[in-house]
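The numbers here are math on the coordinates, done by the rules we state, and not lab data. Every value quoted in this text rests on a predicted model; they were computed, and no experiment measured them. Note: ideal-geometry Cβ built from the backbone for every residue, glycine included; neighbour counts use all protein chains shown.
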Amino acid sequence: MPRVKIAAGNWKMNGLAGSVSELDALIAGAAGGAEVVICPPATLIAAFAARARDSRVAIGGQDCHAAASGAHTGDLSAEMLADAGASHVIVGHSERRADHGESDAAVRAKAEAAWRAGLVAIICVGETESSRDAGDTLGVVGRQLRGSVPGGATAANTVIAYEPVWAIGTGRTPTLAEIAEVHDFMRADLASRFGTGAADGFRLLYGGSVKPTNAAEIFAVGNVDGGLVGGASLKAGDFLPIVAAAS
Ligand code: PEP
């Protein structure tokens, strides 16, 4: 079965109540067959989810704690995100791995927590510039995939995003051939763990400086099933052409 592409937006620590106008414009303008997910800051999830109900835009969190509840000041559980109306959650974003020291084991536990709450986990992997320069891109991505993607992953509960750290927010992207190399590798690595049939179903997103100007060529690369988009997801005017490119 052909994989439905996904255009997912990661708003990071951006957005106030007034930003709902961008969501409204996205809901009004999104056409085509791609799945659309917006991950606003946690403060906006409930309002966005209420606004997006019965629309084609799904709402996600940007992180979750592995536990369902407890003494974890400042953290949010996957159950809380689901309760607020989220259907997805990003785990293992490189900014979380770098800023909060999240290990592959921690990311794996968060993905399992997402499933426990009925959320789709968007699990991020990607090499730093020094790892790429050292020729270790596939080594890093392979280790993160095996360490971060739990054995219970299915195409229905998991989306994987390849996000080279050096391409995030920099305006730099790998060549199309480099993206293809990593995505082909990820598909093969998943096949070796889950079997070819199961691996064929996983959506593998590319993330890192996706813009309206480069989305179509990136999404046309084999084994690229859409994008995880930061900066260019904040304005509907930028994100709508990316949604169209994924359709
Ligand atoms: C991201 O943070 O997931 C991302 C891909 O950011 P940007 O599109 O701004 O590079």
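Brief remarks follow.
- Unique residue being more than 15 Å from the ligand (Cβ to nearest atom) and under 18 Å from the mean Cα position of the chain (by Cα) when the list is Ala215, Ala199: Ala199
- Exactly one residue out of Val182, Val159 is part of a helix (DSSP H, G or I) and within 16 Å of the ligand (Cβ to nearest atom), and it is Val182.
- Top-ranked residue of segment 132-156 - restricted to ones that are among the polar types (S, T, N, Q) and away from the ligand (no atom under 16 Å from the Cβ), ranked as surrounded by the most Cβ atoms within 10 Å (Cβ to Cβ): Thr137
Per-residue answers, yes or no, for (1) within 16 Å of the chain's Cα centre (by Cα); (2) within 15 Å of the ligand (Cβ to nearest atom):
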| residue | (1), (2) |
| --- | --- |
| Ala84 | no, no |
| Ala105 | no, no |
| Arg116 | no, no |
| Val120 | yes, no |
| Val125 | yes, yes |
| Ser130 | no, no |
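- Annotation note: of Ala109, Ala113, Ala82, the sole residue that is free of Cβ contacts under 8 Å to residues at least 60 places away in the same chain and either in contact with a Cys (Cβ under 7 Å, 6 or more places away or on another chain) or not in a helix (DSSP H, G or I) (or both) is Ala113.
- Of all residues in segment 4-19 being closer than 20 Å to Cys124 by Cα and away from the ligand (no atom under 14 Å from the Cβ), the one that is farthest from the chain's Cα centre (by Cα): Val4
- Counted residues, segment 20-55 - those being away from the ligand (no atom under 16 Å from the Cβ), among the hydrophobic types (A, V, I, L, M, F, W, C) and not in a helix (DSSP H, G or I): 3
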